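The values are calculated or read from the model by the stated rules, or taken from the named source; none is laboratory data. The shown structure was predicted, so the numbers you read here are calculated from the model rather than taken from an experiment. Methodologically, a virtual Cβ is constructed for each residue, glycine included, from the backbone with ideal geometry; neighbour enumeration extends over all protein chains shown.
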Amino acid sequence: MSPYATNSQTSTVVRVSSVVFPLLLFAYSKLLGLDAMQRIPGAGEWSFYVAASTWLALGLYTCFRPSQTNKQRAWQLVLYHGLAASYLLSISGVAVPFTCAWSLFMLAAFAYAGFSGWLLSALVLFITAALDAFWLTPQSIVDITTTTLMAFMLGVVIVALAYRHNLYRSALHTSREAMTLQHDRLLTIINNLATAIIATDQQGIIQLYNAATLDLLDTNTSPHGKPLDTVLTLRDAAKQPVYLTQLLHAAVVTQTRDDVWMEVSGEMLRLSIVFSPIRALNTMSDSSDGYVLILRDITKEKSLEEERDEFISVVSHELRTPLTAAEGALSNIQLMLHRRDMPQHTLKNHLDAAHEQVVFLAKMVNDLSTLAQTERGAADMPELLNVRTLMDDLYRQYRSQAAKKQLALTLETSPRLGHVVASSLYVRELIQNLLSNALKYTKEGEIHLSARKKGNRIIIAVRDTGIGISKSDQAHILERFWRSEDYRTRETGGTGLGLYIAAKLACKLGTRIEFTSQLNHGSTFFFALPAAQQTTHDKHTSPQ
């Protein structure tokens, strides 16, 4: 913004003066008498009335229809200066008090044309005074000079004040623009943050919030102007009310709470709240000007932390047990090797025990690896899978394990079983987990593996005659790290990941595990996959 720019106040002064000034001159001339003021012989009252009427008409036009272009303003300034000079030369002379009003012309010229306009206005004043002194009137040169210099100095003072005011106004305008820009930038950043931010006044009334706040509250209703405690109804872990306003008033420095809960749309959210008092930089007062709060939904974060801690606890315990057993068996073998009379079957028993624990560790590592691959989606690539071939492979693989436990493993497949389009790794791991689970919890009887086609789906099931699952345990059987409190379950080792991994694999395959179970009679786990259409089969088997 230029310091010479016209502001609304200067424009108003110029427009109003353009109307008031000719009226005052008319009244002044009438009071002193036109005959006494007439400067040019033969110029009667008509010349004064013509000049005054022209000036007044121009002033009214300027007042009610302000100039829109610089060219219009320039012509108006020329007319004003011409009328004023004509009045001074022909009627009143320069040595009158109203000559000081020329300072208003200087102000108008400065406002519309800057310093060049001001200099031209002053030059016209001096030319008018010179003509009045040396050509038209016998008035005292001293009076004319004094009046002219007074008008000039008054114009200098007024223009200097206006210029300084415009400088301050320009600096203020620049600062306001910069502040507005910074304010808009800050609001843009705040509104694009995924973290909820709320600012309140000293009484805890909400004054500012961002879009993430509405998302957190699950509402479109503006919280502006509402008390903080009515918008955020918080409770601690003991379900006792937490009043944020009290916490804010007690806060001296930035504080954090991550043990508060809030119900939103019927769901309990755990929040992390960082709140801090707002204080002006240039004040020594301890009182705050308001408060700012940063809120985050940490429900999933805390849940993951708890799952991580539980995972570490379970895995470390399950790893420690077989490692301790294997280490003990191997230590005993080392001692036995120093004794020549040690029977071979004793050494073999200890070796078998150590080997069994190592196999258990390998199975656990394989489960963890499968879980990691499933979480990452590392083997999501579908392929055409022959279900009968897969079932035969798994039957041959687990038949010997079942025989070692004196269990019968049977396989039943319907004719013309067909294919499925799915990840071979996921389907194989899913069935293996179900078979391993059946082998683990079945002490006698049989395990039945089946695959049958029903409509456009292929249903794969694993049925056992094991210990079964109680009604109370069935709701948790597919949860991570969950193991039944049944003593028969606790007799077997495991991480509680087998069925959870199976459920995750089923989800990746676009299906889900279902089961039926009766305590002490066995369980049946099954899932369904869409059968591949003939066109899909032809596409995957056609030569490339």
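The table that follows gives values for the structure above.
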quantity	calculated
Residue in the range 58-69 that is among the small types (Gly, Ala, Ser), part of a helix (DSSP H, G or I) and modelled with pLDDT of 75 or more present	no
Residues being touching a Phe, Trp or Tyr at 6+ places or on another chain (Cβ under 9 Å) and among the polar types (S, T, N, Q) - total across the range 403-432	2
Which listed residue, of Glu318, Glu301, Glu306, is closer than 30 Å to Asn366 by Cβ, of a type outside the set (Gly, Ala, Ser), in contact with a Ser or Thr (Cβ under 9 Å, 6 or more places away or on another chain) and modelled with pLDDT under 85	Glu318
Any hit, the range 404-424, residues being surrounded by fewer than 19 Cβ atoms within 10 Å (Cβ to Cβ) and within 19 Å of Leu497 (Cβ to Cβ)	no
Candidates Ser436, Ser472, filtered to the one that is without any contact (Cβ under 8 Å) to a residue 24 or more places away in the chain, of a type outside the set (Asp, Glu) and assigned by TED's automatic domain parsing to the domain that holds His521	Ser472
Entirely in the range 383-435, the strands (runs of 3 or more DSSP E) that have 1 or more residues that are at pLDDT below 95 and within 54 Å of the chain's Cα centre (by Cα)	383-386, 419-422
Residues of the range 141-151 satisfying the condition of being free of Cβ contacts under 8 Å to residues at least 40 places away in the same chain and of a type in the set (A, V, I, L, M, F, W, C)	Ile141, Val142, Leu149
Candidates Ala461, Ala438, filtered to the one that is crowded, with 19+ Cβ neighbours inside 10 Å, among the aliphatic types (A, V, I, L, M) and outside any helix (DSSP H, G or I)	Ala461
Lone qualifier among Arg65, Arg73 - being among the basic types (Lys, Arg) and in contact with a Ser or Thr (Cβ under 9 Å, 6 or more places away or on another chain)	Arg73
Leading residue by the ranking (surrounded by the most Cβ atoms within 10 Å (Cβ to Cβ)) among those in the range 197-212 that are among the small types (Gly, Ala, Ser) and farther than 18 Å from Ala251 by Cβ	Ala212
The one condition in (1) touching an Asp or Glu at 6+ places or on another chain (Cβ under 6 Å); (2) more than 20 Å from Pro22 (Cα to Cα) that Leu119 fails to fulfil	(1)
Leu347 vs. criteria in the same structural domain as Glu327 (by TED's automatic domain parsing), within 51 Å of the chain's Cα centre (by Cα) and either surrounded by fewer than 14 Cβ atoms within 10 Å (Cβ to Cβ) or part of a helix (DSSP H, G or I) (or both)	no
